[in-house]
1. Quick test for you: out of B:Thr132, B:Thr93, B:Thr99, pick the one residue that is among the polar types (S, T, N, Q) and within 22 Å of the chain's Cα centre (by Cα).
2. For segment B:211-234, what are the residues that are modelled with pLDDT of 70 or more and under 16 Å from B:Gly12 (Cβ atoms)?
3. Which residue, of A:Ser166, A:Ser221, is at the interface with another protein chain (Cβ under 9 Å from one of its Cβ atoms), over 12 Å from the mean Cα position of the chain (by Cα), assigned to a helix (DSSP H, G or I) and within 30 Å of A:Arg279 (Cα to Cα)?
4. Determine whether segment A:195-202 contains at least one residue that is surrounded by fewer than 21 Cβ atoms within 10 Å (Cβ to Cβ) and closer than 20 Å to A:Leu37 by Cα.
5. Only one of B:Arg81, B:Arg54, B:Arg68 is among the charged types (D, E, K, R), at the interface with chain A (Cβ under 10 Å from one of its Cβ atoms) and more than 23 Å from A:Ala226 (Cα to Cα); which?
6. Looking for whichever is more than 20 Å from A:Asp47 (Cα to Cα), away from every other protein chain (no Cβ under 11 Å), under 16 Å from the mean Cα position of the chain (by Cα) and aliphatic (A, V, I, L, M) here; the options are A:Val190, A:Val237, A:Val244, A:Val207. Which one fits?
7. Just to verify a result, which residue in segment B:96-111, among those that are surrounded by fewer than 20 Cβ atoms within 10 Å (Cβ to Cβ) and closer than 26 Å to B:Thr167 by Cβ, is nearest to the other protein chains (Cβ to nearest Cβ)?
8. Among (1) farther than 18 Å from B:Phe83 by Cβ; (2) of a type in the set (A, V, I, L, M, F, W, C); (3) more than 21 Å from the chain's Cα centre (by Cα), which single condition is A:Val274 missing?
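The values are calculated or read from the model by the stated rules, or taken from the named source; none is laboratory data. Computed from a predicted model, the values in this text were never measured in an experiment. When we count neighbours, we look across all protein chains shown, and the Cβ atoms used for this are built from the backbone with ideal geometry, even at glycine.
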Amino acid sequence: MVYDALIGPFTEFEFMRRALAAVIALSLAGAPIGVFLMLRRMSLVGDAMAHAILPGAAVGFLLSGLNLFAMTAGGLIAGFAVAILAGLVARSTGLKEDASLATFYLASLALGVTIVSIKGTNIDLLHVLFGNILAMDDQTLLVVAFNATITLLVLAVIYRPLVIESVDPLFLRTVSRAGGPAHLAFLALVVINLVNGFQSLGTLLAVGLMILPAGIARFWSRDLTAMICIAVVAAAVSGYAGLVLSFQTRVPSGPAIILVASVLYIVSVLFGRVGGILRQLFPGRHLEA
Amino acid sequence: MAAVHFHNVTLGYDRHPAVHHLNGVVAPGALVAVVGPNGAGKSTLLRGIVGILRPLDGSIHLGGLDSRDVAYLPQSAEIDRSFPISVFDFVATGLWRATGLFGGIGKSARDKILHAIASVGLNGFENRPIGTLSGGQMQRVLFARVLLQDASLIVLDEPFNAIDSKTTIDLLALVKHWHGEGRTVLAALHDMEMVRNHFSETLVLARGPVAWGPTAEVLTPENLMVAMRMCEAFDDSAEACAADDARSRAA
């Protein structure tokens, strides 16, 4: 009975196995990026980037139909352009990163909509908006796994400057020039993972599998390494449970995954060891020293 | 060696000078106090020395020093204290010059880090997140990092602000230790008593240099009065600097 509900779908159906593989790959790469987004107070930047990617994907769709590579390429170009331009403007002028990004992503969104309306085609963007992880073919799965691998490799390379830049940017500037490139590489990773996620979760929810696990992790640990591990596990568990939920009910897969993550988040807010509400209400007697 | 040469240096923001026409040399191994009222350009000068602010005019030479040979302790560090990083890891970033992007931290490096933490009196704090430290403890942590940077030029911007006397004594001892090791140390300070007792050389700054030399000769009530009278506000309708015109005409 339990086996039928929890494991059966995956042994029985290939599309469920593919979906599970995809969601694990997304968790491994996206969750660490999410942790850094959160710690650098850039959670909403991920959201803005998701909007910036949308027109690029739409243009890719216009040019070559429902070709995932074209849409991915379009999304990557739009995302990179916005991320890098915004990063450069913020670094070379006094404008704050969030303001700079907001202007560029709005411009990108407007440009995308303009291009689409000039073409006059009535395209179905629902697929792009909400994705469909259950329709994952081998090729797409390989792209997702490839992007996840690249993400982890690049993150390993920029990890040290990224951490120091997050804690003490001025110090990094005085000892090294790695801060700027590390920051841009990080923004690029954000874009790659958003594009990676929109094939399975859709443009708007892709950022969910990055930010929600990071939020969950913050309530369970004060250590960066532990936070990253917890975030990856939380993302993978949400992915698995979301797929099961979606299989057993009629909830679409993308929202199901994010809803499970949201439930985990609420549980963490209430019962988390680090700053959880219950912990604050009943902190225990104060200590000797 | 770490000599700092100022050639007619003007530093500032939006064309307004905050440090005006500074000339002079900081000798290798010197222990220099930079004093002056708020807004006198002390921090600006130090930012110029470490290279995060480019001079509007003139030049600063560090005698062939790489920027990594300079350790800088800013007045209000832009440190995100909520970031989950331990005292040990934070201090370890001072080894950047040796480790760079990928270099590992081996046994001897670990010992160095622990030694640095111990020398600022923070034994037992290694695993504490930096967010749990008091202001004075954080300042000790920053000094430990400077210690690890092993720099030949050390630039401290008001390092003892809001620091209690015990911590100040401990950290001042470190500064004198650095001086004893032949490192060049520049520090912006407000405590004239401390400058008189512990710093051999003083630069009195009030946008332009008021006086520069041995502390006993320079730190006079007259010089300090001149510095105090400096006008802080920028004049939005100021003309281009006349000193430059005179010089270009002469040339």
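1. B:Thr93
2. Within segment B:211-234, B:Met230 is the sole residue that qualifies.
3. Among A:Ser166, A:Ser221, only A:Ser166 is at the interface with another protein chain (Cβ under 9 Å from one of its Cβ atoms), over 12 Å from the mean Cα position of the chain (by Cα), assigned to a helix (DSSP H, G or I) and within 30 Å of A:Arg279 (Cα to Cα).
4. Taking every residue of segment A:195-202 in turn, none turns out to be surrounded by fewer than 21 Cβ atoms within 10 Å (Cβ to Cβ) and closer than 20 Å to A:Leu37 by Cα.
5. Result: B:Arg68 is the single residue among B:Arg81, B:Arg54, B:Arg68 that is among the charged types (D, E, K, R), at the interface with chain A (Cβ under 10 Å from one of its Cβ atoms) and more than 23 Å from A:Ala226 (Cα to Cα).
6. It is A:Val237.
7. Ranking the qualifying residues of segment B:96-111, first place goes to B:Arg110.
8. (1)
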